[in-house]
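Beneath this line is the structure, given in structure tokens, with notes to follow.
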Amino acid sequence: MKAINVSFKYPACQDNVLKNINLSVKPGDFVAIVGNNGSGKSTLCKAFNGLIPKSIAGRFEGQIIIDGQDIVDLTVGQVAKKVGYVYQDFENQIVRPKVLDDASYACLNYGMVDYLERGEKALKQVKLDDKKDENVWELSGGQTHLLALAGALSLSPDILILDEPIAQLDPLRADIIYEILKELNQKYKKTIVVIEHSTEYIAQYCNRVILMKDGQILWDEETKKALQMVDDLIDSDIFPPQVTRAAKKAMDKGDLKQGLLPINLHEGYEMFRFFSYKPKKRKLLKKNENESIIAIKNVTMAYKTIHDEANVIFSDLNLDIKRGEKIALIGSNGSGKSTLLKMLVGLVKPLKGDIIIEDKSIKDMKIDQLARTISLVYQNPEQMFIMDSIENDISFSSRVRNIEGWEEKLENLIKRFSLTDLRKRDGRLLSGGQMRRASLAIGTALDPKILLLDEPTSNLDIKTRKEVMKLLTEIKDYTETVIIATHDMQLVCEWAERVIVLHQGQVEADGFRDEIFANSEVLEKVGIRPPQIFHLAKSLNKEALVYTIDDFLKDFEVDYER
Amino acid sequence: MSDEKKTAKENILEFISMDNIKNQVMKNAYGNTDTPIAKIDPRVLMVWYLFFAIVPWFVNDVIFLLGAFFLVLFTTIQAKVTTLVIFLFALGVFSQTGWLLILTFVFGGDGSAIIPLLILTLKVSTVSLASITVFSGMDPDNLAKGLMWMNFPGRMSFSISYAYRILPTLISEFQNILLSYRMRGLAPKSDTFKGKIKYVIYQIRIIMDSFYPLLLNTAKRSRTTVEALEMKGYTYASADDNAKKLKLSTLKIGANDLLFVTFSLLWLSITNLISTLI
């Protein structure tokens, strides 16, 4: 696969999105394309699968050669047999109701007699063959992604392109995807190109990294060498693995000799082997002794499936939340986090048991009454936009309640969440990070005493993630009690004061950060993966509990005697 | 007494709750793939349906119509159609002619008024139940194949199966948007009778309002879908007959299908015979 002097301009844009790109990918490569938002990564990938310039209008220059043929001479269908593509919003790529039906659909359309066998083969390659007769909407997020991959694989292309394959997945499911990609690469000899933010996965799986900036290729290097260029990467909002950054900082400080930076845990261990653990005193969190603000009492909750069976989410759940707590609710996909949040705002009703908020049972309250005390921000911000502009969305709840001074409050919220330039825009048309900011503003519009956030950092690139993290830290100051459901462990480590682990509808563990993360049994069982730096510290000293690079460098010192 | 009344009210509330309607729709669309009706060859069902959709309009014989009615009632039961659909069917028939029939009974109308009304009601019911059997009892994929076989345009059969694919997504998204309105909006107080009416109007209004964001979100989504369809050869296949032939080649008429046809014919012949004998 080759690109020669490729440039591309979208019709409405002033500048070229791609500027004179020259690139070649060799058979068997596992390439990562990195770069900040708007650097042209997705556009480049769409040029490689023939959608640009065939289905997407714009001014295209240059040449793309696949398998020795100029892409212009091929139809979109012929390209699809050479290059498979999996979108970032992969669920929209699934067009048929049943799993096997979707996996074999392309083969059917291209008139291949053995289309069912091809579909089954593709499902086997992504290890989804036991689900072939299921309805597509019954699959989990990870499985849906694998199905989209199978749909592309069924035409047996030699090249696969995946746009941010793991952005929406918890670490266990992300591992599954990358292990499958690795097998496709090694066993089935596919060439794989991923657009990826997570450098830890890049370090583990990819052999080459291409950095894009402003529509150009800044460099194209082997993974080990690429991850050494820490400054370039951070400049483009890509953060190298924590071990790499820790080593870089230690080298800059003079604690380590200048040299090649480590890119994975093993190399990190080798480098820091001679450091010894001298933990510094940190401010200890005090146990919150306030009165209870939410009490969940013996709650049982179940959904009815379409076969009229009860799908039990919680049975006899008990939980007590104190005024002013900042809680992270963790657990794998499907452990009941979202259901718990929905139950607290009265959107779903428990079958048995009771929920008491501020000494009142929520059974006796209507949803709109509850909304003044407790508010929920959805995982998918699009579903919170019900008006035609951000400012109308934010002020909606105060206006219908005739709350005095809502204009002033609106101005404050717009300032606080830096939405001044966006206030007249329709929420749905904003970028991911902007949407998230707006949804937080909507969620806090009624000054709720309790704020619930469902996965506030999912699907964001690192820069936007940092912005949202900062907002979440600020929210601590003006919202009393906050509960965040998340599988973003960095967020948990840096933000939460109390961590509740849900597993199969039960509270598996509950306590301070250190209590949870020191309990390796729970981590193992529930599939929680602490940040890489935590693992590095543990491998150096079993007692170590370190969550950030800075803490690591403070707690571990060079031991010249060793 | 008051306890019973409360449970009745709760039952009704539960029946019209968003969750239940969602569950019923989903059950109707996806939950009946293993019924006897779903297993019958779509082409056989289509022809069978054409008969019951057309013939009853031209027949005025009460016994024959009764026979046909019981046959389609039987197939509807076999298709395990959900309560929601049955409820809508009953409401539909009643609003068409049923209320006239009942009124005539109540006010002591004689045979001359009742018989024509009964015939009309039977016709409407038979045709509706036959439609319910076929369209609600069939597997969506089979339905698409059946339409394809009858030479309906490929786009139509694709649209049907795509609707089945996207329906759950749309329903849950709709539900979330509706919940946004309910959380952030303010419902009128429903203590007085006037308040209750206002409350119902408010609920209907937010249901209608929720469609607007839903449409916009769907439009946003469709870009990926359109590109993916292009890559999966959707356009290619609509210009090419091979895909259709391939798809239809999986259809086979088996013993079950013949049994179904024979039984239907036999039943109709018997009712016809009885009607000529009387």
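The values are calculated or read from the model by the stated rules, or taken from the named source; none is laboratory data. All values reported here derive from a predicted model rather than from experimental measurement. All Cβ positions, glycine included, derive from the backbone under ideal geometry; neighbour counts span all protein chains shown.
Assorted remarks:
- Looking across the range A:517-562, the residues that are modelled with pLDDT of 90 or more and of a type in the set (Gly, Ala, Ser) come down to A:537, A:539.
- Restricting attention to the range A:407-431, the residues being surrounded by fewer than 19 Cβ atoms within 10 Å (Cβ to Cβ) and in a helix (DSSP H, G or I) number 11.
- Count of residues meeting criterion [facing chain B (nearest Cβ under 7 Å) and surrounded by fewer than 21 Cβ atoms within 10 Å (Cβ to Cβ)] in the range A:374-384: 1
- Within the range A:45-73, the set of residues being in a loop (DSSP other than H, G, I, E, B), more than 10 Å from chain B (Cβ to nearest Cβ) and modelled with pLDDT under 85 comprises A:57, A:58.
- Residues satisfying the stated conditions in the range A:291-349, i.e. polar (S, T, N, Q) and within 12 Å of chain B (Cβ to nearest Cβ): A:305, A:311, A:338
- Counting only helices (runs of 4 or more DSSP H) that sit completely within the range B:22-117, those holding 2 or more residues that are more than 17 Å from the chain's Cα centre (by Cα) correspond to B:42-58, B:62-78, B:99-106.
- Given (1) out of contact with any Gly (no Cβ under 8 Å at 6 or more places or on another chain); (2) assigned to a helix (DSSP H, G or I); (3) within 20 Å of residue B:221 (Cα to Cα); (4) within 13 Å of another protein chain (Cβ to nearest Cβ), index of the condition residue A:145 fails: (4)
- Test: residue in the range B:241-250 that is facing chain A (nearest Cβ under 8 Å), in contact (Cβ under 8 Å) with a residue 12 or more places away in the chain and closer than 30 Å to residue B:181 by Cβ: no
- Where strands (runs of 3 or more DSSP E) fall wholly inside the range A:464-534, the ranges with 3 or more residues that are more than 21 Å from the chain's Cα centre (by Cα) are A:506-511.
- Among the numbered conditions (1) farther than 23 Å from residue A:473 by Cα; (2) part of a helix (DSSP H, G or I); (3) within 11 Å of chain B (Cβ to nearest Cβ), the only one that residue A:387 does not meet is (2).
- Residue, farthest from residue B:71 (Cα to Cα), within the range B:144-165, restricted to residues that are in contact with a helix residue (DSSP H, G or I) (Cβ under 6 Å, 6 or more places away or on another chain) and within 13 Å of chain A (Cβ to nearest Cβ): B:154
- Some residue of the range A:125-133 being assigned to a helix (DSSP H, G or I) and either surrounded by 24 or more Cβ atoms within 10 Å (Cβ to Cβ) or within 12 Å of chain B (Cβ to nearest Cβ) (or both): no
- Residue within the range B:188-200 that is without any contact (Cβ under 8 Å) to a residue 60 or more places away in the chain and within 15 Å of residue A:393 (Cβ to Cβ) present: no
- Options A:479, A:464, A:473, A:457: the member that is more than 18 Å from residue A:199 (Cβ to Cβ), among the polar types (S, T, N, Q) and surrounded by 18 or more Cβ atoms within 10 Å (Cβ to Cβ): A:479
- Residue that is modelled with the highest pLDDT, among those in the range A:78-92 that are facing chain B (nearest Cβ under 7 Å) and out of contact with any Leu (no Cβ under 9 Å at 6 or more places or on another chain): A:92
- Unique match (being among the hydroxyl-bearing types (Ser, Thr, Tyr) and buried (at least 21 other Cβ atoms within 10 Å of the Cβ)) among A:397, A:338: A:397
- The residues of the range A:359-373 that are away from chain B (no Cβ under 14 Å) and touching a strand residue (DSSP E or B) at 6+ places or on another chain (Cβ under 6 Å) amount to a single one, A:361.
- Filter result for the condition that a residue is modelled with pLDDT under 85 and hydroxyl-bearing (Ser, Thr, Tyr), over B:225, B:250: B:250
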